[in-house]
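A short write-up of the structure that comes next.
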Number of protein chains: 2
Amino acid sequence: MTLSTPFPPPGSKAELEEGSTLSPRFGADGLVTCITTDVATGEILMVAHMNAGALARTLETGEAWYWSRSRGELWHKGATSGQVQTVLEMRIDCDQDALLLKVKVAGDGGCCHTGRRSCFYRKMEITDGKPRLVVD
Amino acid sequence: MTLSTPFPPPGSKAELEEGSTLSPRFGADGLVTCITTDVATGEILMVAHMNAGALARTLETGEAWYWSRSRGELWHKGATSGQVQTVLEMRIDCDQDALLLKVKVAGDGGCCHTGRRSCFYRKMEITDGKPRLVVD
């Protein structure tokens, strides 16, 4: 497998939005945003990023690979924790700069590094005109 | 209302992850990623970005404001289309660099500039080892 970009550069607006060609619009940092949800419940589990190599490996292996911005390396999610994500469906948005993965999580089913199932474990509440985060 | 950052800078890792203080980690471009879902169905409608001003206005008004990267301006979603998003719930992720909005969409209920309800109207399929986008 080659890790050079295996995706054609974005074409016209019409091709990008209505065409059948996958041509992700990687940002200046080489990344697209990726939202990962639980295929069974629809719950949003995490938001991460992919570069071309991570997207290629995800497509090839059927398991989620991301680009770790903090570590600066390809990240096979679950390789150490056992929380491997099997990808059942992948979608892309209108202008091809955001991906949506629907996954089944192995191991204990967790996703967040804090040990929780989802990274979105806090809700905002407004108290006395000020936002406050509440775990729920 | 002041449009200077009304949010305290991120504290320690423990405060960021477990605390009740909203201190978004805006990127070098001043933005955080925002996922918007339909509060009734859980469907993912769009991915956009917020700067501090957009987040402040969203919290103040209860309607979704974003930062338009293409136009370089604050964007009151639906101001021209009528597809205003009333925010019923807001969540933030573990390291406070991604937001989740659960909204009710006014007007015709659309969200995507192509006229569709959701921006994620294409699924990836692998045919002969090559990814292909299919509207479904």
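Straight-line reach from B:Lys102: which aspartates and glutamates have a Cα under 13 Å away, not including same-chain ones fewer than 8 places off? Straight-distance partners of B:Lys102: A:Glu43, B:Asp38, B:Glu43, B:Glu63, B:Glu89. Only protein heavy atoms count here; on that basis, with a 1.4 Å probe, A:Leu45 has an accessible area of about 0 Å². Among B:Phe7, A:Phe26, the sequence by solvent-accessible area, most first, with a 1.4 Å probe is A:Phe26, B:Phe7.
What is the magnitude of the charge dipole of chain A about its Cα centre, with +1 placed on the Cβ of each Lys and Arg, -1 on the Cβ of each Asp and Glu, and no other charges, expressed in debye to the nearest 20?
Using only the charged Cβ atoms, the result is roughly 460 debye.
Take every pair of alpha-carbon atoms less than 8 Å apart whose residues are at least six positions apart; their mean separation over the length of the stretch B:13-135 yields a relative contact order of 23 percent. Sorted from shortest to longest, the distances between the B:Ala14 label points of this copy and the other copies are 6.0 nm, with each point 7 Å from Cα along the line through the beta carbon.
Please report the buried accessible area for the interface of B with A, total over both chains, probe 1.4 Å, in Å² to the nearest 100. What B and A bury together is about 3800 Å². With only the Cα atoms considered, the protein assembly as shown has a convex hull volume of 136 Å³ per residue. Between the helical axis of A:52-61 and the dominant principal axis of chain A, each derived from Cα atoms, what acute angle in degrees is found, rounded to the nearest 10? Helix A:52-61 and the main axis of chain A meet at about 90 degrees. Computed with a 1.4 Å probe over protein heavy atoms only, the accessible surface of chain A comes to 46 Å² per residue. I want the antiparallel fraction of DSSP beta bridges within the protein assembly as shown, as a percent rounded to 5. Expressed as a percentage, antiparallel bridges in the protein assembly as shown total about 80.
With the label put 7 angstrom out from Cα along the Cα-to-Cβ vector, A:Gly115 ends up 5.2 nm from the copy partners, going from closest to farthest. Applying the Karplus relation 6.51 cos²θ - 1.76 cosθ + 1.60 with θ = phi - 60° to the stretch B:21-38 yields 3J(HN,Hα) values of 8, 7, 9, x, 8, 5, x, 4, 8, x, 10, 10, 6, 10, 9, 10, 10, 6 Hz, where x marks Gly and Pro. A:Arg71 contributes about 130 Å² of solvent-accessible surface, heavy atoms of the protein only, 1.4 Å probe. Only protein heavy atoms count here; under a 1.4 Å probe, B:Glu43 has an accessible surface of about 70 Å². Entry for the stretch A:87-136 at q = 0.21, 0.27 Å⁻¹: log10 I(q)/I(0) = -0.86, -0.96, Debye formula applied to identical alpha-carbon scatterers, no solvent contribution. Cα centroids of the stretch B:34-72 and the stretch A:79-131: 18 Å apart. Computed from phi, the 3J(HN,Hα) profile of the stretch B:10-17 under the Karplus parametrisation 6.51, -1.76, 1.60 (θ = phi - 60°) reads x, x, 5, 4, 5, 5, 4, 8 Hz, with x in place of Gly and Pro. Each copy carries A:His76; placing its label point 7 Å along the C-beta direction from Cα gives inter-copy distances of 5.1 nm, listed from smallest up. Accessible surface of the stretch B:87-136, 1.4 Å probe: 48 percent of it comes from carbon and sulfur atoms. DSSP assigns beta bridges within chain A; of those with both partners inside it, close to 80 percent run antiparallel. Nearest chain A C-beta to the A/B rotation axis, reported as residue and distance in angstrom, is A:Gly42, 2. Per residue, the convex hull spanned by the alpha carbons of chain A comes to 152 Å³.
The values are calculated or read from the model by the stated rules, or taken from the named source; none is laboratory data. Everything numeric here is computed off the predicted structure, so don't read it as measured data. Reconstructed Cβ throughout: ideal geometry from the backbone, glycine too, with neighbour counts over all protein chains shown. All accessible areas refer to the heavy atoms of the entire protein, side chains included, with ligands and DNA or RNA removed. Shrake-Rupley method; radii C 1.70, N 1.55, O 1.52, S 1.80 Å.
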